[in-house]
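What follows is a set of notes on a single structure, which appears directly below.
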Amino acid sequence: MSDQNDRAAWLKGPGAECSIKPGPRRRPRRFVLLGAPGVGKGTQAELLSARLGACQLSTGDIFRAAKSIQVCERSPALNTALDAMKKGELVTDGTVLDMVGERVGCLRCCGGFLLDGFPRTVAQAEALHALLKQEQITLDAVLSYELPLDTIIARLSGRRTCATCKAVYHLQSKPSKVEGTCDACKGALIQREDDRPESVKVRMAAYADSTAPLTDYYERQGLLVRIAAEGTPEAIYQRSLETLAARAGLSLDAYRGAT
Ligand code: AMP
């Protein structure tokens with residue numbers, strides 16, 4: 001669904017209409033996705049969204065979409081949020097929760113949802129819990145994509161991005177044909193500043209401080225499903241589905257068909 005639906009109500013706010021209104025489903029899927037930078041959570045969100053038909057609701061995407069709003073038309077809170085984002089810092093809980101609160105219609109949507117990048121702190125998780133309770137909505141599960149720190153650092157520090165067309169390569173797992181040159185447009189391949197090993201360690205420390213405690217929070221609620229994020233995106237997706245089906249006591253086919 002996400003490859004067709006423009007998610008206008010999520011990205012632009014409740015005044016905007018989505019291009020596709022999902023019909024009622026037998027069983028809308030409602031998940032939260034957790035994972036450190038570099039585990040491939042965004043790719044899994046896209047696969048789950050396309051195949052299980054629930055919208056990928058990423059708070060980072062709202063901020064990226066808001067960058068195109070003229071500075072003079074942005075609220076002071078939005079300007080502060082975009083400044084924080086530029087520095088790699090978390091946006092304040094208050095601003096994030098106001099934004100999600102305005103979009104509660106997306107949580108109610110009969111197509112279901114995959115929350116990606118929200119909640120990111122325990123305070124946000126508690127606020128989400130209250131919001132869902134008020135709407136009488138329950139989460140199916142919280143998927144936590146996990147990899148050893150060394151693997152994450154190797155993944156991120158081997159990543160190279162084309163300065164011109166933004167295509168992504170990897171020194172070991174997806175090298176370009178000519179070293180340092182993009183296969184598609186011949187642009188120069190560069191390493192993003194925040195993919196350098198020193199920066200990756202800082203990002204991981206920020207994740208460990210504010211977001212990792214969420215796994216304990218959801219474990220206590222019996223919602224946490226840990227998934228090893230090793231292998232190809234397809235293998236990780238299959239592992240996710242098998243784990244969810246086993247948890248629901250269903251066969252893989254029955255789980256896929258139960259939407
Ligand atoms: P993402 O695409 O999820 O990595 O988000 C990009 C940036 O947006 C983050 O580095 C934060 O600055 C900001 N952001 C997105 N979601 C949140 C959130 N739930 N809480 C705080 N900041 C967020």
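The values are calculated or read from the model by the stated rules, or taken from the named source; none is laboratory data. Computed from a predicted structure; not experimentally measured. Every residue, glycine as well, gets a Cβ built from its backbone with ideal geometry; the counts of neighbours run over all protein chains shown.
Taking Val91 as meeting all but one of (1) within 11 Å of the ligand (Cβ to nearest atom); (2) more than 20 Å from Cys55 (Cα to Cα); (3) in contact with a strand residue (DSSP E or B) (Cβ under 9 Å, 6 or more places away or on another chain); (4) of a type in the set (Val, Ile, Thr), write down the number of the exception.
For Val91, the exception is condition (3).
Which of the following residues is at pLDDT below 95, closer than 15 Å to Gly35 by Cβ and among the basic types (Lys, Arg): Arg196, Arg203?
Arg203
Filtering segment 29-81 down to residues that are β-branched (Val, Ile, Thr) and within 16 Å of the ligand (Cβ to nearest atom), which residue is nearest to Asp195 (Cα to Cα)?
Applying the first criterion (β-branched (Val, Ile, Thr)) to segment 29-81 yields 32, 39, 43, 59, 62, 69, 71, 80.
Retained after the next criterion (residues that are within 16 Å of the ligand (Cβ to nearest atom)): 32, 39, 43, 59, 62, 69, 80.
Details: Val32: 25, Val39: 13, Thr43: 18, Thr59: 21, Ile62: 23, Ile69: 28, Thr80: 24 Å.
The residue in question is Val39.
Mind checking which residues of segment 116-151 are within 16 Å of the ligand (Cβ to nearest atom), over 26 Å from Gly53 (Cβ atoms) and among the hydroxyl-bearing types (Ser, Thr, Tyr)?
Thr121
Answer yes if at least one residue in segment 108-115 is surrounded by fewer than 19 Cβ atoms within 10 Å (Cβ to Cβ) and within 13 Å of the ligand (Cβ to nearest atom), and no otherwise.
Among the residues of segment 108-115, not one is surrounded by fewer than 19 Cβ atoms within 10 Å (Cβ to Cβ) and within 13 Å of the ligand (Cβ to nearest atom), which makes the answer no.
Do you know which residues across segment 134-166 are more than 23 Å from Leu244 (Cβ to Cβ) and charged (D, E, K, R)?
Scanning segment 134-166 gives Asp150, Arg155, Arg159, Arg160, Lys166.
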